Every structure is written in structure tokens, then in C-alpha cells.
Amino acid sequence: VKILIEGAELVLDDETDASAIKDNDLVFDADALMQDEANITLYFSDAEASSLVREIRRIKVPKGESMEKLIVTELIRGPQKEKTYRTIPAETKIRSVETTDGVCFVNLSSDFINKYNGGTSAELLTIYSIVNSLTELSNVDRVQFLIEGEKKDIFIHMILNEPIAR
């Protein structure tokens, strides 16, 4: 690799050519790519859309990745157990997931609402599948939903303008 600044080779103050980078000049931190594994508890809908069913899943945890974001990612992927059903539209994208002072701010794409096709009871299952899954973590007490970075007053029927506890 050669570094050029405005078309000229990079030269140090002592006239040493620093534009060429050799393999021994690079430090590769293999530990940064390491993954741990963890069990997470997720909640999905039962076949009748009347209650939540717990699913414990073993996942890989890349170094530096938040457990909260991994949980929401797995919820969007959907259940692995038979006779359980997804609660979040598969098209939903995660914009961000951050926890501050026990409140997990889950920022989702507008597909979370626009692609949703359930009724009132399914709406409760959707919200509480996320809330219950995240509050399994010791650092999360409540969940604040954001859609495209903004608080929405309601999902369809359920009020979302305040953090929701389990």
C-alpha cells in the first residue's frame, strides 16, 4: 500500500519515505474479531396469537456488539421453535439500540408499523415480545420505542410515547 497526499508520496520530517506500508508495519488485532457465545431469552407469539412463548437461543456475540441489539436482531429473524410465530415484520430494520439509565431506546424503521398486519391482541404481543426479551437483561428495566428516530404517540392502538416496563 502506498499513501499519497495530493498526489505526492508521504515523506517524514527526516526525509524518510513513509508512503509505502509493508505487512510488518500493520498490527492486526485478531482479538477484535473474536466472538463469545451467550444464551438469550426471546419471546414470540403462540399459534393462537393469545400469549407469548419463551425461546432460549444460543447466539454468537461479536466483540463490541450490544446484547440489546442482538436480541432485537434475533426477534426480527423470527422463532426457531415449532408452533411459535414472529411478532415483528421481517422487513423491519434496526436504526439503533442503546440503553441509558435502565431504558433501552429501540429505534426501528417505519416498516415496523407500515408492514404490520396484526390485530389488537397481536399488537400487544409485538410490543411485549420486545419489552420482555430486552428486560431479561439486568441493565434494562423499560423500553422506549422510536420509529425513524422519533417517538410515536401510538403504535396502532397502544400508546408508545413513554418507556414501557415488563
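The residues in segment 102-132 that are of a type in the set (Val, Ile, Thr) and either more than 18 Å from residue 52 (Cβ to Cβ) or without any contact (Cβ under 8 Å) to a residue 12 or more places away in the chain (or both) can be counted, and the count is 2. Screening residue 117 with (1) over 17 Å from residue 149 (Cα atoms); (2) surrounded by fewer than 17 Cβ atoms within 10 Å (Cβ to Cβ); (3) of a type outside the set (Ser, Thr, Tyr); (4) within 18 Å of the chain's Cα centre (by Cα) gives one miss only, at (4).
Against the test of being over 14 Å from residue 43 (Cβ atoms) and in contact (Cβ under 8 Å) with a residue 24 or more places away in the chain, the options 84, 99, 135, 92 yield a single qualifying residue, 99. Consider segment 38-60 and keep the residues that are among the hydrophobic types (A, V, I, L, M, F, W, C), more than 14 Å from residue 131 (Cα to Cα) and open to solvent by 20 Å² or more (accessible area, probe 1.4 Å). The one that is modelled with the highest pLDDT is 56.
The residues of segment 120-166 that are assigned to a helix (DSSP H, G or I), open to solvent by 20 Å² or more (accessible area, probe 1.4 Å) and not hydrophobic (A, V, I, L, M, F, W, C), listed by number, are 120, 121, 128, 132. The residues in segment 51-74 that are in contact (Cβ under 8 Å) with a residue 24 or more places away in the chain and either within 9 Å of the chain's Cα centre (by Cα) or at positive phi (or both) can be counted, and the count is 9. The lone criterion from (1) in contact with an Asp or Glu (Cβ under 9 Å, 6 or more places away or on another chain); (2) acidic (Asp, Glu); (3) under 23 Å from residue 38 (Cα atoms); (4) surrounded by 15 or more Cβ atoms within 10 Å (Cβ to Cβ) left unmet by residue 111 is number (3).
The values are calculated or read from the model by the stated rules, or taken from the named source; none is laboratory data. Nothing here was measured: the structure is a model prediction, and the numbers come from that model. We place every Cβ from the backbone using ideal geometry, glycine too, and count neighbours over all the protein chains shown. These area figures cover heavy atoms from the full protein model, side chains too; ligands, DNA and RNA do not enter into them. Shrake-Rupley method; radii C 1.70, N 1.55, O 1.52, S 1.80 Å.
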